[in-house]
Amino acid sequence: MPFCSQCGTENPDVAKFCLACGSPLAAAPPAQEFRKIVTIVFSDLKGSTAMGEKLDSESLREVMTRYFDAMSAELEKHGGVVEKFIGDAIMAVFGLPKLHEDDALRAVRAAADMQQTQVVLNDELERHWGVRLTVRTGVNTGEVVAGDPTSGQRLVTGDAVNVAARLEQAAGEQEVLLGDLTYRLVRDFVEVEEVEPLELKGKSERVPAYRLVGVRADAERPRRLDAPMVGRERELEHLSGAVREAVESRSCRLVTLIGEAGVGKSRLIDEFVRSVGNEVSFLRGRCLAYGDGITFWPLAEAVRQASGILERDSTESALKKLSALSGEAEAEARVASAIGLSPTQYPVAELFWGARKLFEALARPGPLVVLFEDIHWAEKTFLELIEHLLETVADACLLIVCTTRHELIERLTEWSTSPGATRIELARLTEDETIAVAEHLLGRAGLDERVQSRVIAAAEGNPLFVEQLLSMLIDEGLIRFEDGCWRASADIDRAVVPPTIQALLAARLDYLEQSERAVIEPASVIGHVFVKDAVSYLVPEHARDDVGTRLATLGDKQLVQPDLSHSLEEEAFRFHHILIRDTAYEGILKRARATFHEQFVEWADSVNREGATEYEEILGYHLEQAYRYRSALGPID
């Protein structure tokens, strides 16, 4: 949607003038195609021809409709988009219209749930029609070219689609085969059996594959709690102080931890829990990114933990445990309704009242800390519940700790600024702290200078990035332990972004407005550091006046930041992480990359006429890249 350059209001695509201030609106940028890393689920029926001989055409149609509806529901429940039906096959894509950092996991969960649903469906089909369906499924992750979903053109093309179809054909009856990249993205969450590398039609080399055995119910990535925490002592003391304030005031306090993914929010909380020991009671609830009935999911997790309600408990048993927890029948009824244990409906205000009475009862005997994680995914109603608790809890020692990414603060600038609420923003680690994290992960073994410089440059102070980079470098044999030190191989410079990090960063970039992408993409072509004037030259003419505004917005979103090393005459910026730059660059079509490289040389020639000699190597690099992309796409003119 176009933004008004005068007042910043977002307007409908069809608007010619701003609905707020009446200013003329610039034309919306044209629809674009993108390079994306998505996950494809390809599932096909086996033996449908024989089934057609057994059933008449109308019954066969009914059976197939029931099958397609059931499978489509499972795929869509996990966020997949059914791309098309091909005969008896279903093809779904995870990552359209928007990427998510966990698209591969969503796809694998969907494939597993499809198997479970098919068992139930087969029993029904056998009772009514005397048939059972046999299904094979392939799941593969890879790069595709995707159409612009805003224009209705979401069709994906690429080798990843072909491999997904070949994996399905190689799978046994009722089996799910995972491609190599899919497995690398989800290996902490699944149980698999490695199969012999497959000879797939159209592939020159054998393709690794893994047979899915099961998906773990626990969706959290295992944490390294044996290594000491680095660089968060001040933040840890802040949390401890908030507990003391809640105890002294016998009221509710709210602390919100803000930081990019992987910066150490969960690690800090774990250290906080361990530091206070048995002096404080803890409850924990997670906000989910998708699913049915997720509004009060974090409350449900906390209540289940407090009352000892298990997944296998009947509703009657769960209600008895809940009743024993609070002792207030009216509050219990409202909480039961909110967390799905009762069909009775109550107004939201009464649900809030019930939750408040419950937490007050739990926090009266002694301090209670309730951790709500990932509230950037929380529903608006749940965020209002947190604020309600902060304002109304009385005569109880309650501390609510929330973790969030910067997206929430961008949307709700006043969040956690009320009396009794504070924010803690987790900054990136210093270079020394980054090396300390790496040495802790590797057992305090030394790192040679090439490994250190590689980790420092790529991770830029993010502990998760350090962990993932080291893991990839070891797996790929790019660093080896020799003579008591981790040393880099000669090929370390060819190391790519680990797929887990690329998925995370690509998801962030995919949620940018098209006008913001129109700025960050040409900036990524220029390099890690770029000058505003150069970006203005590369963007479409209608967007040039807004480049400064868009760069400021990208700065607020922790994607770029001012670069103070340049002269004051040039307004320069740098990417918040070099990996953000790399991910943005990889999302551009090759033809567009070639054009941007050529345009940058045109701009550089125009501003460096007198001293062009010193820039020859840089300009030569950009021209070389343009030539390579042009030649890769077709004949050179």
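When each of GLU74, GLU126, GLU101 is tested for being over 30 Å from ARG187 (Cβ atoms) and charged (D, E, K, R), the lone residue that passes is GLU126.
Considering the stretch 596-605, and only residues there that are open to solvent by 50 Å² or more (accessible area, probe 1.4 Å) and without any contact (Cβ under 8 Å) to a residue 40 or more places away in the chain, the residue that is nearest to GLN625 (Cα to Cα) turns out to be GLU598.
Apart from one condition, SER416 fits all of (1) farther than 29 Å from GLU513 by Cβ; (2) buried (at least 22 other Cβ atoms within 10 Å of the Cβ); the exception is (1). Taking each residue of the stretch 440-457 that is open to solvent by less than 30 Å² (accessible area, probe 1.4 Å) and looking for partners that are modelled with pLDDT of 80 or more and small (Gly, Ala, Ser) with beta-carbon atoms closer than 6 Å, six or more apart or interchain, yields VAL451/ALA488; VAL455/ALA438. Of the strands (runs of 3 or more DSSP E) lying entirely inside the stretch 31-144, not one contains at least 2 residues that are among the polar types (S, T, N, Q), at pLDDT below 85 and open to solvent by 10 Å² or more (accessible area, probe 1.4 Å). Among the residues of the stretch 311-335, those that are in contact (Cβ under 8 Å) with a residue 12 or more places away in the chain and either closer than 19 Å to ALA363 by Cα or in contact with a Cys (Cβ under 6 Å, 6 or more places away or on another chain) (or both) comprise LYS321, LEU322, ALA324, LEU325, SER326, GLY327, GLU328, GLU330, ALA331, GLU332, ARG334, VAL335. Which of the residues that make up the stretch 493-502 are assigned to a loop (DSSP other than H, G, I, E, B) and not small (Gly, Ala, Ser)? The answer is VAL496, VAL497, PRO498. For the stretch 420-439, the set of residues classified as open to solvent by 60 Å² or more (accessible area, probe 1.4 Å) and assigned to a strand (DSSP E or B) consists of ARG423, GLU425, listed by residue number.
Of all the helices (runs of 4 or more DSSP H) wholly in the stretch 290-404, which have at least 1 residues that are open to solvent by less than 10 Å² (accessible area, probe 1.4 Å) and within 22 Å of VAL255 (Cβ to Cβ)? By residue number, 297-307, 348-363, 380-392. Checked across the stretch 567-588, the condition of being open to solvent by 50 Å² or more (accessible area, probe 1.4 Å), within 19 Å of the chain's Cα centre (by Cα) and within 22 Å of PHE34 (Cα to Cα) holds for at least one residue. Can you find a residue in the stretch 307-328 that is within 17 Å of GLY285 (Cα to Cα) and in contact with a Leu (Cβ under 6 Å, 6 or more places away or on another chain)? For the stretch 307-328, residues within 17 Å of GLY285 (Cα to Cα) and in contact with a Leu (Cβ under 6 Å, 6 or more places away or on another chain): present.
The values are calculated or read from the model by the stated rules, or taken from the named source; none is laboratory data. Computed from a prediction, not measured in an experiment: that's the story for all the values here. Don't worry about glycine lacking a Cβ; one is built from the backbone with ideal geometry, like all the others, and counts go over all protein chains shown. Just so you know, the surface numbers come from the protein's heavy atoms only, side chains and all, with ligands and any DNA or RNA stripped out. Shrake-Rupley method; radii C 1.70, N 1.55, O 1.52, S 1.80 Å.
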